[in-house]
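Shown next, in structure tokens, is the structure this report addresses.
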Amino acid sequence: MPNVTSPIMPASTRGMAAPRLRTASPHGGYWSLRQEVDDALSKRVVKHNLSVAESYPALASLIEARKNKRMHAVEPESLAMYAPFEGTQEARRAAAMALAVAAGVESTPDPAQVIVTNGATAAIEAVAMATCDVGDAVLLPTPRYPSLALDVGARAGVTAKYVDDLTPTALRRAVDEDSDGGSVRAILFTSPDNPTGRWRSREELDAIMEVAHERGLYVIWDAVYAATSSAPDRGAVPPLDDPHVITIYSASKDFGLSGWRIGVMHTSNADVFNALMVGARFTCASTLAQSAFANLVGDDMCDLRAYFEDAAITLKSRRDIAHAALVDAGVPPQPEHLYPHAGPLSLVHLPLPQDADGGIALWRAILRKGVAVVPGTTCGAPSDHVRVCWGCAASDADAVDAASRIAAAWLECKCG
């Protein structure tokens, strides 16, 4: 496996200036379009904001389940104190239990192998800093979450290298190709995926693990949507006890608690963990947020599994209802390889005869209809796709209304 270097200043670059913040967008102009969404929201012309990737039904389910539960006792004075950089004991136990549910395993990972961070973004950046030198590369399957390149590159100085196929041959080719002087150090993938809402298949995971072991790469699993998926749709997950594996989790997606800024890093690799601990002083979550998270999760694994199963059923029903509404409005049924398995997301195919602007006209037409989504091109998808978060719809009726508006905008673009 590659040597783990300082997450703050890797050995090969000590004494050099830190990488400059990049002013050009590394992910298809996503942030330049956000201003248009913000303007539309401020003018109250957006009825359904489905451009963020959260699971509000999951949060409602958890709050209801916790109404009559006894919470951990909290000393008010303790909330005003610094938390340990790696997280409080209560928050690390809660994070380990949530990660076990997300991974679908019976035994809870050792909380001593868990670090609590101020969100998954900070966790991804910290892992990039710990495992890569400036100029090294991380493989990212496409389509992908629009901001992953920014997460690993803006301050860590790591290059995002995209791969279209998760086969041993394709991964080996990507590892062996020139990476502007650096080396490929890791494979970073989200499963269930953002933007498609699909689990990586057993064959894809086997390919990732095979090449990682063969070439000494780290496998970074972004598991932030994994708990809101129930059998039989659950997919394969990497083994948490494999020293090549680093797992990222968060309260933002499965829990719908993005404002709390709770992220999780887990690894059984002591060297990687020690490197992450060096950077933990820069990524620690607030004591107040950690206390709230630990109390919300509780200490009953069966209870937490039941909550997530309920949330998964709600989200699956909402996704299916929305996709049926799209078909009823004239949109062709989604191809099997795009139909979502899990969580709140789907990558919706809206076929158009031609496109000259990367799908931006389609995206703007949908925005004018009162629905905010994400252009597929910012995710590395074809221009006649948009990413939709059905989990942000307040109800099934709202999901149907949003689907009808999306279909109406598509028909206008299709008919010219």
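Could you count how many residues in the range 88-124 are assigned to a helix (DSSP H, G or I), closer than 17 Å to Ala223 by Cβ and touching a residue at least 60 places away in the same chain (Cβ under 8 Å)?
16
Give all pairs with beta carbons closer than 6 Å in which a residue from the range 393-413 that is more than 11 Å from Leu326 (Cα to Cα) meets a residue that is among the charged types (D, E, K, R) and not in a helix (DSSP H, G or I); count only pairs at least 6 apart in sequence or on separate chains.
From residues that are more than 11 Å from Leu326 (Cα to Cα), the pairs are Ala409/Lys369.
Would you pick out the residues in the range 281-306 that are of a type outside the set (A, V, I, L, M, F, W, C) and within 14 Å of Ile115 (Cα to Cα)? Outline the logic, then answer.
First, the residues of the range 281-306 that are of a type outside the set (A, V, I, L, M, F, W, C): 281, 283, 286-287, 290-291, 295, 298-300, 303, 305.
Listed by number, the residues that qualify are Arg281, Thr283, Ser286, Thr287, Gln290.
Quick check: anything in the range 319-335 within 28 Å of Leu139 (Cβ to Cβ) and either assigned to a loop (DSSP other than H, G, I, E, B) or in contact with a Pro (Cβ under 7 Å, 6 or more places away or on another chain) (or both)?
Step one: list which residues in the range 319-335 are within 28 Å of Leu139 (Cβ to Cβ), which gives 334-335.
Among the residues that remain, those that are also either assigned to a loop (DSSP other than H, G, I, E, B) or in contact with a Pro (Cβ under 7 Å, 6 or more places away or on another chain) (or both) are: 334-335.
Yes, the range 319-335 contains a residue that is within 28 Å of Leu139 (Cβ to Cβ) and either assigned to a loop (DSSP other than H, G, I, E, B) or in contact with a Pro (Cβ under 7 Å, 6 or more places away or on another chain) (or both).
Specify the residue that is surrounded by the most Cβ atoms within 10 Å (Cβ to Cβ); the eligible residues are those in the range 239-261 that are closer than 21 Å to Asp193 by Cα and more than 13 Å from the chain's Cα centre (by Cα).
Ile246
Hey, does the range 271-285 have a residue that's buried (at least 19 other Cβ atoms within 10 Å of the Cβ), farther than 18 Å from Thr131 by Cα and in the same structural domain as Ala223 (by TED's automatic domain parsing)?
Checked the range 271-285: at least one residue is buried (at least 19 other Cβ atoms within 10 Å of the Cβ), farther than 18 Å from Thr131 by Cα and in the same structural domain as Ala223 (by TED's automatic domain parsing).
Tell me, which strands (runs of 3 or more DSSP E) wholly within the range 184-301 include 1 or more residues that are without any contact (Cβ under 8 Å) to a residue 40 or more places away in the chain? Spell out the reasoning first.
Details: elements: 184-190, 218-222, 245-250, 263-267.
Qualifying strands (runs of 3 or more DSSP E): 218-222, 245-250.
Whether any residue in the range 319-341 is touching a Cys at 6+ places or on another chain (Cβ under 6 Å) and assigned by TED's automatic domain parsing to the domain that holds Ser404 is what I want to check. Working first, answer last.
Keep residues of the range 319-341 that are touching a Cys at 6+ places or on another chain (Cβ under 6 Å), which gives none.
No, the range 319-341 contains no residue that is touching a Cys at 6+ places or on another chain (Cβ under 6 Å) and assigned by TED's automatic domain parsing to the domain that holds Ser404.
The values are calculated or read from the model by the stated rules, or taken from the named source; none is laboratory data. Values in this document were obtained by computation on a predicted structure and should not be read as measured data. A quick note on method: Cβ atoms are made from the backbone with ideal geometry, for glycine too, and the neighbour counts reach across all protein chains shown.
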